[in-house]
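See below for the structure under consideration.
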Amino acid sequence: MKKQTLAALLCLLLLSACGEKPEPTPLEDLPEDYSLEQAKEDGCLVTEDGIVTSGRESWEDFLKASEAGKTASVRLCSYYTLDDPYRYDPDYYESIKDDYPLLFLKELSYDGERFTAVSYEEGQRYEQSFSLLRRSEETVQATGVKIVRYMITDDAETPPERIYAQLYSSTLLPGKGIPFAAVYQEFIPPEE
């Protein structure tokens, strides 16, 4: 009987060890040739040209944990390609085409009080921390495409659409807007 109990205990230990997710490689230690496929394998929330293609469950798990006040983190991968070259000025297209596709990674974490977004660009670390994760949603009337955006900010009063619009404002003086960090945006095509 004791041998059976010991064997069952060992099986349980092995199963629990196999069920644990390994710690992800820190962003700063990822290889320069880190790929879209690797991001998908690593469970990142992947958006390709604004469409979520992988990792939605990782995002949902992060949202549930943070809403419950539990610590959590999620890695976000934004992948961009150049679409139809005829949509661009020919000289501009020639000047940017070799830079694509682009892959951006961001780590979003929640420590029970604050949300922190960390990214690296050309070896430089960028970190922003705020108390709130806010969501906005709008539908483009001409196309019916829904745009869902998430941002972190300390502002609970201003509509998130107005906060996000600062990115496109030509009249906003540097340092004079509402501080925030865009986390990700998703384009959802209309249902047919």
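The phi-based Karplus calculation (6.51 cos²θ - 1.76 cosθ + 1.60; θ = phi - 60°) puts the 3J(HN,Hα) values of the range 54-70 at 6, x, 4, 5, 5, 5, 4, 4, 4, 4, 4, 5, 5, 5, 8, x, 8 Hz, whole numbers, x for Gly and Pro.
Residues in the range 35-192 average 63 Å² of solvent-accessible surface per residue, probe 1.4 Å, ligands and nucleic acids excluded. Per-residue Karplus couplings for the range 121-133, computed as 6.51 cos²θ - 1.76 cosθ + 1.60 with θ equal to phi - 60°, are listed in order as 9, 6, x, 9, 8, 10, 9, 9, 9, 9, 8, 10, 10 Hz, Gly and Pro entered as x. Remark on V52: its backbone amide H falls under 5 Å from those of F187, a criterion applied only to residues 5 or more positions apart or on other chains, H modelled at 1.01 Å from N. The Stokes-Einstein estimate for the range 68-113, based on a Kirkwood radius over Cα pairs and taken at 20 °C with 1.002 mPa s viscosity, is a diffusion coefficient of 160 µm²/s.
Heavy-atom accessible area with a 1.4 Å probe sorts E32, E127, largest first, into E32, E127.
If you roll a 1.4 Å probe over the range 84-192 with all protein chains in place, what percent of the accessible area is carbon or sulfur?
Numbers: 3600 of 7460 Å².
Taking all protein chains in place, the range 84-192 shows 48 percent carbon and sulfur surface.
Summarising the overall dimensions of the range 27-127 from its C-alpha atoms, the Rg and Dmax are 15.9, 51 angstrom. Each 10 Å bin from zero holds the following percent of Cα-Cα pairs in the range 48-192: 10, 32, 39, 17, 3, 0. Model label points for R87 and R135, set 7 angstrom from Cα along the Cα-to-Cβ axis, are 2.6 nm apart. 3J(HN,Hα) along the range 96-112, derived from phi through the Karplus expression 6.51 cos²θ - 1.76 cosθ + 1.60 where θ = phi - 60°, amounts to 10, 4, 6, 7, 9, x, 10, 10, 10, 10, 9, 10, 10, 10, 10, 9, x Hz, with x in place of Gly and Pro. Peptides 182-191, 140-149 ordered by packing proxy, namely the average of other Cβ atoms within 10 Å per residue, highest first: 182-191, 140-149.
The values are calculated or read from the model by the stated rules, or taken from the named source; none is laboratory data. From a predicted model like this one, the values you see are computed outputs, not experimental measurements. Every residue, glycine among them, receives a Cβ derived from its backbone with ideal geometry; neighbour counts consider all protein chains shown. To get the accessible areas, we keep the full protein, side chains included, count just its heavy atoms, and leave off ligands, DNA and RNA. Shrake-Rupley method; radii C 1.70, N 1.55, O 1.52, S 1.80 Å.
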